[in-house]
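Where a number appears in this text, it was derived from the coordinates with a stated rule and is not lab data. Keep in mind that what you see is a predicted model, and the values were worked out from it rather than measured. Quick reminder, even Gly has a Cβ in these numbers, built from the backbone with ideal geometry, and neighbours come from all protein chains shown.
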Amino acid sequence: MPRAADVVEAFLHHLAVERGSAANTLRSYAVDLERYRAHLEASGVHDLAQVREEHVTGFVVVLRTPAPDRPALAASSTARALAAVRGLHRFAARDGLVADDVARDVAPPAQARRLPRTLSIDEVDQLLAGRPGDDPGALRDRALLELLYSTGARISEAVGLDVDDLDERARTVILRGKGGKDRLVPVGRPALAAVEAYRVRGRPALAVKGRGSAALLLNARGARLSRQSAFHVLRAAAETAGVSREVSPHTLRHCFATHLLAGGADVRVVQELLGHASVATTQLYTHVTVDDLREVYATSHPRARG
């Protein structure tokens, strides 16, 4: 019988080598599947062929139930963990390691539909101006913030940029998205100006401290800027600018999408720019703009009140 630990290892290898999954995805799957393996072991199950649907359902219940050493997982986190488990069982059944895919019919918990946090255009202007100075770090930070808002890039995509990924003449950039999918996105003139200032007056000073990294955005040691450092730049800029709303790693990406749709952009064009696999994900942003319209209507139309 296939030991659960061995199948988990084979599945993660399959994701890394054959599917080309991102490192962050692999780390998340490894954590979730180790938790699942421990759950099976606590239930006296060591081989994947012994797993029944009730074991998978029980895992979901355990995740959603608070314990003395941890709080209950949110529905979104539980759904992510279940996706890893379902992928594991699908892989095992497809490769003939087990007879049936026992996780196939286990549904994730229902999630509350949450609208993305967004800022007004004025607040974005404040945020982008929230990193003054002409030192290499300040020039880099302004380039990062302008790129995030101009392209709708995820923070991981922005810090993953190499110098050659940006075509200043064509005013485009290649973003490497989830699952290794590249997309070509236009870049606005303010972002290009910020990047040019950084490349001429900031990046050389940072690069001399490193080992010749091809990365566009460098840290103080001349290596590629990390996601965590980029998020710190975003939060620090918001604090300096006096932006009262909470910011997240996706704040400027949400603003990019919302402001495009509010300006009349087609939702499927925005879907392509964001790199969403499904237009349903992009349509979340249309609810934000509808709420804005509703608020304007409620305060402006003479028959809206009463």
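Does anyone have the angle between helix 4-17 and the longest principal axis of the chain? Alpha-carbon axes, 0 to 90°, nearest 10? Around 30 degrees separate the two axes. Over the chain, DSSP H runs of length four or greater, each weighted -39,500 (n - 2.57), average out per residue to a 222 nm ellipticity of -17500 deg cm²/dmol. Dipole orientation for the chain: of the candidates 180, 82, 20, 180 has the Cα lying most toward the positive pole (charges on Cβ; Lys, Arg +1; Asp, Glu -1).
Rounded, prolate or oblate, given the Cα gyration tensor of segment 122-247, with a/c below 1.5 counting as rounded? Here segment 122-247 falls in the rounded category.
Hull surface divided by four, with the convex hull built on the Cα atoms of segment 1-113: how many nm²? Please list the in-between numbers first.
Working: hull surface 29.3 nm².
About 7.3 nm², averaged over all directions.
Between 31, 147, 50, the Cα set farthest toward the positive side of the dipole of the chain (charges on each charged residue's Cβ, about the Cα centre) is that of 147.
Farthest towards the positive end of the charge dipole of the chain, among the residues 240, 63, 256, is the Cα of 240, using unit charges on the Cβ of Lys, Arg, Asp and Glu. Dipole size of the chain about its Cα centre, with +1 on Lys/Arg Cβ and -1 on Asp/Glu Cβ: approximately 400 debye, rounded to the nearest 20.
Once the convex hull of all Cα atoms in the chain is built, its volume per residue stands at 190 Å³.
Which three numbers, in whole Å and largest first, are the semi-axes of the equivalent ellipsoid of segment 26-173 derived from its Cα gyration tensor as √(5λ)? List each step's numbers first, then the result.
Numbers: eigenvalues 387, 77, 41 Å².
Those come to 44, 20, 14 Å.
Quick one: 69, 266, 47, 125, fewest Cβ neighbours within 10 Å first, how do they rank? Show your work: numbers first, answer last.
On the way: 69 5, 266 10, 47 16, 125 13.
Exposure proxy ranking, most exposed first: 69, 266, 125, 47.
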